[in-house]
Structures are given as C-alpha cells and as structure tokens.
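Scroll down for the structure; my scribbles are underneath it.
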Amino acid sequence: MSSSAIVSDTNETVLVKKWEQEWSRVQEWVQPHFARPETRASAECLLQGLLARVERKNSWGLSEEVGRATPYAFQHLLNGAQWEEDALRDDVLSYARERLGEGGILAVDETGFLKKGEKSAGVARQYSGTAGRVENCQIGVFLAYVTDKGHTLVDRELYLPEDWLEDPKRCRQAGIPREVRFQTKPELARAMLQRALDAGLHPAWVVGDEVYGRDGELRRLLESQSQRYVLAVATNTYAWRGETQVTAGEVRKEVKTSEWTRLSAGAGAKGPRVYDWARVQLNSPARTWTRWFLFRRSLTEENDVAQYLVHAPATTSLAQMVEAAGKRWPVEECFESAKGEIGLDDYEVRKWRGWYRHMTLCLVAHAFLAAARAEANAPEEEKQIPKRLGPPHRRSRMGAFRRRRGLSSSASVFRK
C-alpha cells in the first residue's frame, strides 16, 4: 500500500470517528424524549432511514430500508405513541446553537407539500411558492438558523386555511385540536420567533420575504425586543419619515444615481450575488436605533428593484444590511436539502399531530446533517479530507459507518 493511501485511510478514520461521536451526541438528547424502549427504538430506526438514500421516505419505504417487515411501528410512532414533539423541537434549536454557533440569523419562510385528496390536515387548493402556482397542497411555515458554519431548519408550523375551521367534523377527522384557531402565516412566524427569543437566542438578524415583512405586528414584536431585522416589503408599504407617511415605491424614486452602491449579498450557485444597493433613513423608534428603506436593484434591469424595511442600530453600515439580506437564501437551500435528502415532503400521514411529528424528526435529521457538514468543512479538516475516501479495492470504513447507522446507500449525507 502506498504512503498516500495510508494517510488517506487514516484521515478517513479520524473523520468517521468524529461523525460517530456526533451521532452519539444526537442520540443523547433525542432518546430521553421517548420513555418506552420500543418507541425509542422506532425513533432511532426512523431517523436512520431518513438519513439513508431511500426513494420514498414514507413508512413503507423506511421500514424496508431498515429491515422491518411492516410499517406499523413507524405509523404508530407518528400517530399514536406517547411522546412530546414540541419538547423535541425545542432541543433541536439548542443543538443547532451548540454545533453551528451563537449569533446566527433566523430566517422565516414557507414551503408547499403537494397532496391528493382532501383528508390531510390543512390541505387545500392554495398558492404554493414551491410549485409556482395554485395547487392542492399543505403549507408549512418554517424557521431556519443560519451561521457561517452552516444552516438548518429548527421550527415548523402547519398553516390551516380558514375554511377548515368552518367544518368541525372535518377538523375532528384530521385530529386538529379543538383549541386551534385560524392564524395567518405571519402569526405562525411570530409564534416561532417568540419561542426562539424566549429560549435565550440572540440572533444577529431576523430575515424574511414580503409575506412576513408586510406584517406590522411581526415588526413591532422584533422592535420591542431591540432585534435587528431585514424584511422584504412591497412597494406600497408605508413608513414614517418626519411627519409624513411615505411608501417604499415613493422613496425609491428619490434615490439618485450617485447613491447606488454595488455590493455582493453573498455567494450563489453561479457566483457572488452582486446588485446595486441604496438606503434611505426613516424615523427612529429609539434613541440609538432607526429604520431604513433598503433597495436592491438588478445590474441588467433598472426597473427590477426589491425593497426592504430594516431595523437596526443607527451605526449599522450599508454593507452589514446587504450581508444580512443575503442570508435569506439559505432557507431555500434548507428546503431543497431537507426534501431531497431526508424526505421532508415524503410523508403520508393525514392527521395534524402526525404532520408535526414527521416534521420534528426531520428537523432532528437535518440538524445532524448540518453539524456533520460543519465538522467536515472545519478549517483544520480541509487539508486532511482526501478526494477519494479510502484506498481502492478495500472495504471503506466510511461504508462501514453508514451501514452501522442505516446510511449504507447515502453518499450524499456527508457531502461537502
């Protein structure tokens, strides 16, 4: 065996050991949520299945992947077993903070889950940004935690259209609790943000698109807690400047050519996301804090302009605002990876609690992937990880690790 192959094999062994330790760390905080040993075993097997490359990550597909003859144990785990999905959800945020670091950004966004029929809780013909059109689907509102080390989903809420609550029988059949009331998507986002802030998280920024930026209550919640935000808004969104109410569209027309600055909002799939940016200060909600309209203009289409409301300390620079605005894109990457790698959208549960339980277990798996990738991409590892894992014609320790953890066919799980 060549010396380079020996070094490569040694480096792989070190990295696999770290991933095994990471998985053990996850199990330490996950397992106490399941009091009964059979429920605990089902939860671990289901998580292993979510992390494996399975064509369909429903109860049948996952059962086949982990060697179970029937899906009944997984179905019971999602629909009938005794465990508190909200308590597990809270621990996901704690784990993300520990492994990805403090001072990250909270990004709120929604995604659609295409469904057939009308039995699944919250399903309706409604606009899905995922599909780009009106479809029969469920809509989930999610919170993502983003740091320089990585990003992961940390909270979830199911949007329930108003017409569902007008049909109590339908709600009972879908297992929707009697105390559930209609909440808009921004209201669901406010609940998740409040949970994160109550947990002691101090995010550098909160970011979101127009759906959330136009909600005055959400903005007031963040301002009341001296929380920085960059929220996209529509052109007709108004704010106070002096003693006059002005809209974002009106203020944009006042920006002079010399006031635009070309900056990157971060790296994209095709390179840096470079735009022209400008800002105009508005009234200050507190002595050392203020608001701005922030504008982002395309380099090729001058009329292609997006606008944001910003709340931050008065000393905040334009570059800092632009950097924060660019942190909204990782939540879309979270949806893509969660659906593509851990089956976020592969569930077949119909009831309210089943949806929340599936999503919560997906949060656990997604957070583990984020932590594992952070470990793989750590600066001290970058020079050690070989392009090829293990020497040729040998049984890879990486493969053995995946087989032990139910990840035997998932080459993408720890992809850099």
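The values are calculated or read from the model by the stated rules, or taken from the named source; none is laboratory data. Model, not experiment: these values are computed from the prediction. Counting neighbours? That spans all protein chains shown, and the Cβs are built from the backbone with ideal geometry, glycine included. What goes into the accessible areas is simple: the full protein's heavy atoms, side chains included, and nothing from ligands, DNA or RNA. Shrake-Rupley method; radii C 1.70, N 1.55, O 1.52, S 1.80 Å.
Across the range 86-139, Cα pairs under 8 Å and at least six residues apart give a relative contact order of 30 percent. For K115, which aspartates and glutamates qualify as cross-link partners when the Cα separation must be under 12 Å and same-chain residues fewer than eight apart are set aside? Answer for K115, where 12 Å is the Cα cut-off: E135, D345, D346, E348, listed by chain and number. Accessible surface computed residue by residue for the chain, with neighbouring protein chains in place and a 1.4 Å probe, gives 48 Å² per residue.
If I take R0 = 41 Å and measure r between the Cβ atoms of L299 and Q82 in this structure, what FRET efficiency does the formula 1/(1 + (r/R0)^6) give, to the nearest 0.05? Calculated transfer efficiency: 0.15. Cβ-Cβ distance of A199 and T257, R₀ of 30 Å, FRET efficiency by 1/(1 + (r/R0)^6): the value works out to about 0.10. In order along the range 206-212, the phi-based Karplus estimate (6.51 cos²θ - 1.76 cosθ + 1.60, θ = phi - 60°) of 3J(HN,Hα) comes to 10, 10, x, 8, 4, 3, 9 Hz; Gly and Pro are listed as x. Treating only the Cα positions of the chain as identical point scatterers, give the base-10 log of I(q)/I(0) from the Debye formula at each q in 0.06, 0.10, 0.14 Å⁻¹. Normalising to I(0) and taking log10 leaves -0.28, -0.76, -1.29. Note on the chain: GNM, Cα springs under 10 Å; of G271, G340, G49, the largest mean-square fluctuation is that of G271. Comparing V251, V233, V364 in a Gaussian network model of the chain where C-alpha atoms under 10 Å apart are linked, the largest mean-square fluctuation is found at V251. Share of carbon and sulfur in the accessible area of the range 131-256 stands at 43%, probe radius 1.4 Å.
Extension gain, E187 to R220: 0.36 nm times the residue separation minus the Cα-Cα distance gives 10.6 nm. The GluC sites (Glu not before Pro) of the range 216-300 that meet both conditions, a loop assignment by DSSP and at most 13 other Cβ atoms within 10 Å of the site Cβ, are E243.
Using DSSP to define loop residues, name the trypsin sites (Lys or Arg not before Pro) in the range 233-328 whose beta-carbon has at most 15 other beta-carbon atoms within 10 Å.
The qualifying sites are K256, K270, R287.
Full extension of the chain between Q245 and L318 gives 24.0 nm of extra length, using 0.36 nm per residue less the Cα-Cα distance. Divide the volume of the convex hull around the Cα atoms of the range 220-278 by the residue count and you get 144 Å³ per residue.
The label point for E102 and the one for A234, both projected 7 Å from the Cα toward the Cβ, are 4.0 nm apart.
Stretching the chain fully between E20 and A269 yields a gain of 86.6 nm (0.36 nm per residue, less the alpha carbon separation). First check a/c for the range 74-143, with a ≥ b ≥ c the square roots of the eigenvalues of its C-alpha gyration tensor; if it is under 1.5, answer rounded, and if not, answer prolate when a/b is larger than b/c or oblate otherwise. Note, shape of the range 74-143 comes out oblate.
3J(HN,Hα) along the range 238-253: 10, 8, 8, 10, x, 9, 10, 8, 10, 9, 4, x, 5, 5, 4, 5 Hz, from the Karplus curve 6.51 cos²θ - 1.76 cosθ + 1.60 with θ = phi - 60°, whole Hz, x for Gly and Pro.
Post the alpha-carbon centroid distance, the range 21-58 to the range 119-167, in whole angstrom. So the two Cα centres are separated by 24 Å. Per-residue Karplus couplings for the range 60-75, computed as 6.51 cos²θ - 1.76 cosθ + 1.60 with θ equal to phi - 60°, are listed in order as 5, x, 5, 4, 5, 5, 9, x, 9, 6, 9, x, 5, 5, 5, 4 Hz, Gly and Pro entered as x.
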